1. Among the candidates 28, 99, 94, 82, which residue alone is under 14 Å from the mean Cα position of the chain (by Cα) and open to solvent by 90 Å² or more (accessible area, probe 1.4 Å)?
2. Taking the criterion of being touching a residue at least 60 places away in the same chain (Cβ under 8 Å), over 21 Å from residue 109 (Cβ atoms) and within 12 Å of the chain's Cα centre (by Cα), would at least one residue in region 59-66 satisfy it?
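The values are calculated or read from the model by the stated rules, or taken from the named source; none is laboratory data. Small disclaimer: the values here were computed from a predicted structure and weren't measured. Cβ atoms come from the backbone with ideal geometry, glycine included; neighbour counts cover every protein chain shown. All accessible areas refer to the heavy atoms of the entire protein, side chains included, with ligands and DNA or RNA removed. Shrake-Rupley method; radii C 1.70, N 1.55, O 1.52, S 1.80 Å.
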Amino acid sequence: MMATHSALECDLFQPARASFEAIVAWLRGSGASVDHSLLEEGLEERGREVLRLLYQAQLDELAKVERSEAACAPIPEGTSVRTRSRQIETIFGRVVLCRLGYKAGGRKTHYPLDQRLNLPSEVYSHPLRRRVAEQARAVAWDGVVEHVDNNTGATSP
């Protein structure tokens with residue numbers, strides 16, 4: 001069997017690269033404002049999306065490695081393995097992690113990648129929670145929600 005050429009393999013980081021190139025094209029084109037504040041705001045919004053796409057690509061890369069390693073590892077008898085996805089609300093916006101879950105007997109499903117990434121059991125990432133807590137010390141709750149929604153890629157209820 002012939003090995004796949006590396007140029008033909010899926011580049012999980014390509015969406016982030018394409019998003020970055022779209023920013024450069026926006027800056028070079030007539031779409032970017034000459035007003036510095038509008039330019040800065042446009043870059044922040046577009047840059048946050050590049051960061052979200054990079055985060056997503058890294059999660060996809062980790063999931064790919066996890067599946068590859070699991071294919072070579074023995075699975076204890078009576079253990080079922082399934083791919084499950086979960087959403088994570090981050091300071092860059094929402095990402096999705098597809099990871100393997102191991103369930104044996106009547107025990108709770110174990111997700112090694114969740115543990116490896118030190119993910120909270122809820123949808124909100126630790127850095128996002130920290131920003132909400134820091135803001136909550138300074139202003140009323142409605143102001144916290146507005147601040148988080150306006151200054152991150154996250155949506156808070």
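1. 94
2. no
Each row is one residue, and each column tells you yes or no for (1) crowded, with 16+ Cβ neighbours inside 10 Å; (2) modelled with pLDDT of 90 or more.
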position: 9; (1), (2): no, no
position: 17; (1), (2): no, yes
position: 20; (1), (2): yes, yes
position: 43; (1), (2): no, yes
position: 49; (1), (2): yes, yes
position: 68; (1), (2): no, yes
position: 76; (1), (2): no, no
